[in-house]
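What follows is a set of notes on a single structure, which appears directly below.
The values are calculated or read from the model by the stated rules, or taken from the named source; none is laboratory data. Fair warning: this is a prediction, and the values are worked out from it, not measured in the lab. Neighbour counts run over all protein chains shown; Cβ positions are idealised from the backbone, glycine included.
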Amino acid sequence: MTLASLAARDACAQAHSSNNDFLQLGAQAIGVVTRVSPAIHSENLTEGYLTQPVVMAHIDPWRGLLTLSGMLDFEGATIERGELNAGIYGEGYIDRRHPHTYLHELVLSSTKRFGSNAVSGVSATLGKGFAPFGTDDPMSRPFEKYPINHHLSQIPERVIGVGALRAGGWIFELGAFNGDEPTGPGDTPNADRYWDSWSGRVTFIPWPQGEIQTSYARVKSPENPAGGGADQRKQSASVRLEDAQHSGYALFEWSKTGEYAGGTQSFTFTSLLAETWARYDRLSGALRIEHTERPDEQRTTDEFRTSVPPTDLSIAGRSRWTIVTARVAASLLNKPELVLEPFVEIAHARVSPTLRPSGFDPRQFYGSSRIWSVSIGAKLAFSMAHMRMGRYGVAVSRKPAGGMGGMHMEGM
Amino acid sequence: MRKLLHLSALLALACGVEHTVTPPASPGTLATVGNGAVSERYTGEINVRGNYAYTTTWGFLEALGNAVKIWNVSGNTPLLADSLIVDFASTLGDVQVSDDGQLLIVATERSGGSIMLYSLANPAKPQLITRYTTALTDPGVHTAEVQRVNGKLYAFLSIDPANGSPARLVIVDLSTPSSPQQVFTAVMGSPYVHDVYVRDGILITALWNDGIAIWDIGGGARGGTVANPVRLGGFSTVGGKAHNVWWFHNPATGERRYAFVGEEGAGAIGFSSSGDIHIVDVSDLTAPREVAFYHLDGAGTHNFFLDETRGILYAAYYNAGVRAIDVSGDLSSCAAEARNFDLRCDLGKMGRELASGPVGVSPVYIWGVQLAGGHVYASDMLHGIWKLDPVP
């Protein structure tokens, strides 16, 4: 995890820390009430949560030569039943976002720059965290509600070994990790699955506020921890922009996951996402448009859950979700290290089956093919204003000395 | 621009996969006699005895797959006689009547896996005797094969894997139906054990990517018992995903040479399926070897039933309906043009397919099939139960 900018007013791009920070700490939590209509079987549900409660630490005693970053995530205690999030799926949850593991991230990185103020260099990272693939974790992006492509566009909570090389504006990452997804908040990666999967990411930073990445991953049996389940081949491409005044941000993302039994492809799931965020004084607004296909799997007696592992390689169907989400927030405190931000998010989802005939008819299951969601809440964060998640070492883009305040995203 | 082109190419690749099902190789059809529709649930497995058929239900359509449908099949059109609702189950994947017709056993998953034992004193009105559930039947009983070994009735339960709990086989003594007793359990399957076949004191387990394993449970002369199975041999079928087995006892020749192994690949209900039938020569139970296969483009097999007298295999082929295949004679010998690169014979190219059905209805998604009372009965996830004429 890149925790570097936890407390820094002048945090650099992608959460790079100021060089004087030996120990940085951060924490956040979001209280939110969500109403989804209809949530299931024509029934509306309204629920409240304490979500994304995390504490983070970053230790950097030798200016990047050896850094330790960690994040504890307490969602296992606060949203064990899952958070209503229409269309989302993964790790045995469906239409509710799963809680992340208690030890969300703990990585040791060693970075060697080619010169004291250079951006170029090499790094090695070992620990539990994000495989070098895809885009930033949604937790570090503008919205409280996750996009439903989380399992298409990120590979979090794995035991990873990542090597990275940066040469000017180019960043190359290659990593190995365990393919198995977590099966619960207290789960740990299976030791016999270490390094059975790999991914690589190439990032180009054409100008300080821009970032273009493309990545590829081969993930062994993610949904069956014992192995032997369907494998995944994942692709991602994105463009990320943020203005120099740190008052605007945009992300355009495409990702695709193909499922394979042996060498035979069975199904593919594709996602297109665009999101933008802008701040004016204490007010901020954000808009996200997502167009994602998801597998519809057999549900258990708790219809917000699916079998982990699944009982075979088949799915009931595949549905396409087009979700437009808008957010308005206000910062009540004018302190960079402390954020208190009430917000409202409204989402409208349109869902339709993409395999015909289909074993899953969304209109029949939900009672409508259109689903509204309203969330009202407040985020309290301490020293987490500039966080990005999913990159380590030299892959955390950095501007040459003199500081670049780019990608400072207060309140996100 | 290059990036845009690359992106466009990748997007084009994401546009979906065509699934074209192989048409019947011969003009033979399994003519439809009647259909008993189920519209509110997906239909699962089928078992027929006498004038009654029992079908299970799967997943969620308009309602949970927690119902057993009881059909009167004495007429041309199966008539729904009654339904059983099973609490604490989202899928009832398997159903079987005991060989004496006294018991109906239903497997439940997930979670809180169990088997439901019903009395068939009145076959139209099964009465619950007991629900057998233990920590070892969690999170679900995928299949329950009920067979007699040395005169005693047992249920062979294939248990789903769960987090931290691998798939396993549990064998339960049903001598006293009101009080089933576990006599054996073992972890097996990679990652699943989906079904077993029991006959003549031999147990054959379908172990997914581990292929099949053959066990002496009283008939293999190796000292094995139901409580202490002794492994005789095993074989990894081509492509793995070994799902179900039928060991062919040919009454005409006395041969017990072939085991038919169903491969269950990926599929989507109503849309697609995949997986071949693998023919394994088990003349030597300690050294089985695959000699032939049957493949359909765009469809895959699930459960099947063998008319041993006529040597006809009726295979449920999901979106390709029921396929009837001639499995008489030597399946390991074929002309060069019917031989695969790995020397296995391709039953399709050998012209072994005899007929298919039901015809004139699409889509279908056939889960199970059984020949009983001179008719072929098929359970269709989308349409309930079909009564078909067999191969003439």
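Looking at A:327, A:288, A:294 in this structure, which one is within 14 Å of another protein chain (Cβ to nearest Cβ) and not in a loop (DSSP other than H, G, I, E, B)?
A:294
Any idea which of (1) part of a loop (DSSP other than H, G, I, E, B); (2) among the hydrophobic types (A, V, I, L, M, F, W, C); (3) under 17 Å from the mean Cα position of the chain (by Cα); (4) more than 27 Å from residue A:293 (Cα to Cα) is the one residue A:55 doesn't satisfy?
Looking at each condition in turn, residue A:55 falls short on (1).
Hey, can you tell me all the residues within the stretch A:201-239 that are in contact (Cβ under 8 Å) with a residue 40 or more places away in the chain, surrounded by fewer than 23 Cβ atoms within 10 Å (Cβ to Cβ), within 17 Å of the chain's Cα centre (by Cα) and within 19 Å of residue A:388 (Cα to Cα)?
Within the stretch A:201-239, just A:238 meets the criteria.
Take residue B:129 and decide whether it is under 23 Å from residue B:305 (Cβ atoms) and either more than 14 Å from chain A (Cβ to nearest Cβ) or in contact with a strand residue (DSSP E or B) (Cβ under 7 Å, 6 or more places away or on another chain) (or both).
no
Can you pull out the residues in the stretch B:227-239 that are in contact with a Gly (Cβ under 7 Å, 6 or more places away or on another chain) and either surrounded by 17 or more Cβ atoms within 10 Å (Cβ to Cβ) or among the hydroxyl-bearing types (Ser, Thr, Tyr) (or both)?
Correct list: B:232, B:234, B:235, B:236, B:237, B:239.
Look at residue B:244 and say whether it is at pLDDT 95 or above and crowded, with 24+ Cβ neighbours inside 10 Å.
When the stated conditions are applied, residue B:244 passes them.
Determine, yes or no, whether residue B:157 is of a type in the set (A, V, I, L, M) and closer than 22 Å to residue B:301 by Cα.
When the stated conditions are applied, residue B:157 passes them.
I'd like to check something: does the stretch B:284-293 contain any residue that is surrounded by fewer than 24 Cβ atoms within 10 Å (Cβ to Cβ), modelled with pLDDT of 95 or more, within 14 Å of chain A (Cβ to nearest Cβ) and part of a loop (DSSP other than H, G, I, E, B)?
no
Only one of B:170, B:106 is under 25 Å from residue B:52 (Cα atoms) and of a type in the set (A, V, I, L, M). Can you tell me which?
Going through B:170, B:106 in turn, just one is under 25 Å from residue B:52 (Cα atoms) and of a type in the set (A, V, I, L, M): B:106.
When only residues in the stretch B:88-110 that are more than 19 Å from the chain's Cα centre (by Cα) and at pLDDT 95 or above count, which is surrounded by the most Cβ atoms within 10 Å (Cβ to Cβ)?
Per the stated criteria, the residue is B:103.
Do any strands (runs of 3 or more DSSP E) lying entirely in the stretch B:224-280 carry at least 1 residues that are touching an Asp or Glu at 6+ places or on another chain (Cβ under 6 Å) and away from chain A (no Cβ under 14 Å), and which ones are they?
B:230-235
If I ask for residues that are crowded, with 24+ Cβ neighbours inside 10 Å and either without any contact (Cβ under 8 Å) to a residue 12 or more places away in the chain or under 29 Å from residue A:32 (Cα atoms) (or both), which ones from the stretch A:122-135 would you list?
Answer for the stretch A:122-135, where residues must be crowded, with 24+ Cβ neighbours inside 10 Å and either without any contact (Cβ under 8 Å) to a residue 12 or more places away in the chain or under 29 Å from residue A:32 (Cα atoms) (or both): A:129, A:130, A:134, A:135.
So, in the stretch B:206-223, of the ones that are in a strand (DSSP E or B) and out of contact with any Ser or Thr (no Cβ under 6 Å at 6 or more places or on another chain), which residue ends up farthest from the other protein chains (Cβ to nearest Cβ)?
Here the answer is B:216.
Out of everything in the stretch A:163-178 that is surrounded by fewer than 24 Cβ atoms within 10 Å (Cβ to Cβ) and part of a loop (DSSP other than H, G, I, E, B), what residue ends up being nearest to the chain's Cα centre (by Cα)?
A:169
How many residues, within the stretch A:183-228, are within 19 Å of residue A:256 (Cβ to Cβ) and touching a Pro at 6+ places or on another chain (Cβ under 6 Å)?
Count: 3.
Could you list, in sequence order, the residues of the stretch A:240-269 that are buried (at least 22 other Cβ atoms within 10 Å of the Cβ), under 26 Å from residue B:160 (Cβ atoms) and either among the aromatic types (Phe, Trp, Tyr) or more than 12 Å from chain B (Cβ to nearest Cβ) (or both)?
Across the stretch A:240-269, the qualifying residues are A:267, A:269.
Scan the stretch B:121-166 for residues that are farther than 19 Å from residue A:302 by Cβ and touching a Pro at 6+ places or on another chain (Cβ under 6 Å) and report the count.
The qualifying residues number 2.
Quick check: anything in the stretch B:366-384 within 14 Å of chain A (Cβ to nearest Cβ), among the acidic types (Asp, Glu) and either under 15 Å from the mean Cα position of the chain (by Cα) or over 22 Å from residue B:69 (Cα atoms) (or both)?
yes
Pairs please, first residue from the stretch A:347-362 and facing chain B (nearest Cβ under 8 Å), second anywhere and surrounded by 21 or more Cβ atoms within 10 Å (Cβ to Cβ) and of a type in the set (Val, Ile, Thr), Cβ atoms under 8 Å, 6+ apart in sequence or on different chains.
These pairs meet every condition: A:357/B:269; A:358/B:269; A:359/A:315; A:359/B:269; A:360/B:269.
Please report, ordered by residue number, the strands (runs of 3 or more DSSP E) entirely within the stretch B:300-392 with at least 1 residues that are within 23 Å of residue B:259 (Cα to Cα).
In the stretch B:300-392, B:304-307, B:312-316, B:322-326, B:353-357, B:366-372, B:375-380 are the strands (runs of 3 or more DSSP E) which contain 1 or more residues that are within 23 Å of residue B:259 (Cα to Cα).
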